[in-house]
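Trainee: Next up is a structure, given as structure tokens.
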Amino acid sequence: MNKPSNFNLNLKIQVFKTIMQALRWDQRFLFVIRFLMQKAKIKKSDFFHGSDFALENRERFKLQLDILALHAALKQTIGDDRALRTMISVLQTSASEAFLETMQLITKLTSMK
């Protein structure tokens, strides 16, 4: 089984930090419980197990399904409007994280030549 890359792990950590900053302390526990329930529900679905794409791109697919579970849990915890704003913030943060990671990789590759 493939071990998640450092990039995926760093991205997940950054996503959770961003979400936790958007929640009040009393909403955090409820959000985590709802997230785990949504994640379990998605894992049981036929879509997760039956798709050839899911089997070929397991880690990437799991990350995408985690994002869906995050949104569903946020929506249940803080409502549609705030969940959407929080997810936009998460996407902006994760995009900047991906950009920084890519730039570091390019810098390393350039210095190796």
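Trainee: Going 7 Å from the Cα of Arg24 in the Cα-to-Cβ direction, what parts of the stretch 66-102 have a backbone nitrogen less than 12 Å from that spot?
Mentor: 78
Trainee: Separate question: Suppose R0 equals 22 Å; then what is the FRET efficiency for Ile88 and Lys44 from their Cβ-Cβ distance, rounded to the nearest 0.05? Please list the in-between numbers first.
Mentor: On the way: r = 29 Å, r/R0 = 1.30.
Taking R0 as 22 Å, the efficiency between Ile88 and Lys44 is 0.15.
Trainee: Cα-Cα over 30 Å: which of Lys43/Lys108; Lys12/Lys44; Lys75/Lys108; Lys17/Lys44? The partial results should precede the final answer.
Mentor: Numbers: Lys43/Lys108 37 Å; Lys12/Lys44 21 Å; Lys75/Lys108 40 Å; Lys17/Lys44 27 Å.
Violating the 30 Å limit, Cα to Cα: Lys43/Lys108; Lys75/Lys108.
Read-outs throughout are calculated quantities, based only on the coordinates presented, and are distinct from any laboratory measurement. The shown structure was predicted, so the numbers you read here are calculated from the model rather than taken from an experiment. Don't worry about glycine lacking a Cβ; one is built from the backbone with ideal geometry, like all the others, and counts go over all protein chains shown.
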